[in-house]
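Before any comments, here is the structure.
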Amino acid sequence: MANNLLTGAQNAADGTFLYGRAGKQGDTMVSKLHGDMYEQAYRGSLFSAGNQAAVTTTAGLATTFTGLAIANPATSGVNLVIRQFQVAQFAVAAAGAVGGMVGAGAAAGSLIARNCKVGGAISPATTASAGATIATPVLERVVGSVGSLATTGYGMQNGIIYDFQGSLIIPPGYYAASFTSAVTTSALLFGFVWEEVPV
C-alpha cells in the first residue's frame, strides 16, 4: 500500500486537500515547522496583556487586588486557555513566592489586551486590569520567587516565563491573576499570554 507524500513545503489555501509532507530521503515529516503558538497567533486567536508600569502588589489572596488580572466576561462565548505567565523583578521587593490565582467574577479592565498578530483585526473578549476588586481567589500555581535585594545585587537575570501548555482554562465568568505572597512596592511586572477558544 503506497503512502502518498509530497516532498517539500506546501503553501495551500484553507479548505484544500493536501498530501502529507516528505523529506528528500522519503521520511515522513511530522516535526513542527513553526513555533508552538504560530497557528493560534496567525489565526488571530492568541492574545497578551502586561503591566505597562511597575505595580505595588497586594499580598496573598487579597480581594482588593493589584498586580495583573485577566477576566473572561460571562457573555464572551470563549474559554481563555492560558499559555504563559510572565514575571520580572527590577527593583527591591519583599522576599516571597509568585504565582497565579483564579476566581469567579470579573476584574474591571484598565489595561489593553492585544492580539499577538500585530495589527490583527480581532479584538479579545478578555479584559485586563492592574487593579480591581475581585471575588475571593484561590492559588492555582506557584511559579517562582522574588528577592529582597536591589536587582543590582543579582546581576543579569532572566524573568520567569511559566508555560501552562494550555493546562489552565478560564471559562466565561472567571478570572486569572498574578499572586505574590507579600506586598511588593513598585518592583514587579507581569504578563499573560492566552488563546481564546469557542466554548
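The values are calculated or read from the model by the stated rules, or taken from the named source; none is laboratory data. Bear in mind that the values here come from a model prediction, so they are computed numbers and not experimental data. In this analysis, Cβ positions are derived from the backbone assuming ideal geometry, glycine residues included, and neighbour counts consider all displayed protein chains. Please note that ligands, DNA and RNA were not included when accessible areas were found on the heavy atoms of the full protein model with its side chains. Shrake-Rupley method; radii C 1.70, N 1.55, O 1.52, S 1.80 Å.
Looking at Q40 and the list (1) under 17 Å from the mean Cα position of the chain (by Cα); (2) assigned to a strand (DSSP E or B), which single condition is not satisfied?
Of the numbered conditions (1) under 17 Å from the mean Cα position of the chain (by Cα); (2) assigned to a strand (DSSP E or B), the odd one out for Q40 is (2).
Kindly establish whether G15 is more than 18 Å from P172 (Cα to Cα) and open to solvent by less than 50 Å² (accessible area, probe 1.4 Å).
no
I'd like the full set of residues that are of a type in the set (S, T, Y) and in contact with a strand residue (DSSP E or B) (Cβ under 6 Å, 6 or more places away or on another chain), limited to the range 156-199.
Those that are of a type in the set (S, T, Y) and in contact with a strand residue (DSSP E or B) (Cβ under 6 Å, 6 or more places away or on another chain): Y162, Y174, Y175, S178, T180, S181, T184, T185, S186.
Quick check on this structure: which one of S186, S167, S145 is assigned to a strand (DSSP E or B) and on the phi > 0 side of the Ramachandran plot?
S186
Inspect all residues belonging to the range 107-117 and state whether any of them is over 13 Å from the mean Cα position of the chain (by Cα), modelled with pLDDT of 90 or more and open to solvent by 30 Å² or more (accessible area, probe 1.4 Å).
Yes, there is a match, as at least one residue in the range 107-117 is over 13 Å from the mean Cα position of the chain (by Cα), modelled with pLDDT of 90 or more and open to solvent by 30 Å² or more (accessible area, probe 1.4 Å).
List the number of the failed condition for A12; all other conditions in (1) within 24 Å of P124 (Cβ to Cβ); (2) more than 26 Å from the chain's Cα centre (by Cα); (3) not basic (K, R) hold.
Result: A12 fails condition (1) only.
In the range 1-16, which residue that is part of a loop (DSSP other than H, G, I, E, B) and under 13 Å from D27 (Cβ atoms) is modelled with the highest pLDDT?
G8
Where the second residue is open to solvent by 40 Å² or more (accessible area, probe 1.4 Å) and of a type in the set (V, I, T) and the first is within 24 Å of L80 (Cα to Cα) and lies in the range 172-199, which pairs have Cβ atoms under 8 Å and are six or more apart or on separate chains?
Filtered contacts from the range 172-199: P172/T75; P172/V199; F179/V142.
Please indicate, with yes or no, whether at least one residue in the range 43-61 is in a helix (DSSP H, G or I), open to solvent by 20 Å² or more (accessible area, probe 1.4 Å) and not small (G, A, S).
First pass over the range 43-61, keeping only residues in a helix (DSSP H, G or I): 43.
The next check asks that each one be open to solvent by 20 Å² or more (accessible area, probe 1.4 Å); those that pass are 43.
Imposing the further condition that a residue be not small (G, A, S) reduces the set to 43.
Checking the range 43-61: at least one residue is in a helix (DSSP H, G or I), open to solvent by 20 Å² or more (accessible area, probe 1.4 Å) and not small (G, A, S).
Exactly one condition in (1) of a type in the set (D, E, K, R); (2) surrounded by fewer than 18 Cβ atoms within 10 Å (Cβ to Cβ); (3) in contact (Cβ under 8 Å) with a residue 60 or more places away in the chain is false for R21; which is it?
(3)
Taking the criterion of being more than 15 Å from S145 (Cα to Cα), in contact with a Gly (Cβ under 6 Å, 6 or more places away or on another chain) and in contact (Cβ under 8 Å) with a residue 12 or more places away in the chain, would at least one residue in the range 82-103 satisfy it?
No, the range 82-103 contains no residue that is more than 15 Å from S145 (Cα to Cα), in contact with a Gly (Cβ under 6 Å, 6 or more places away or on another chain) and in contact (Cβ under 8 Å) with a residue 12 or more places away in the chain.
Whether any residue in the range 87-98 is within 16 Å of G191 (Cβ to Cβ) and among the β-branched types (V, I, T) is what I want to check.
At the first step, the residues of the range 87-98 found to be within 16 Å of G191 (Cβ to Cβ) are 87-90, 98.
Narrowing the set further to residues that are among the β-branched types (V, I, T) leaves 87, 98.
Looking for residues that are within 16 Å of G191 (Cβ to Cβ) and among the β-branched types (V, I, T), one finds at least one in the range 87-98, hence yes.
On the given criteria, is G26 at positive phi and more than 21 Å from the chain's Cα centre (by Cα)?
Criteria met by G26.
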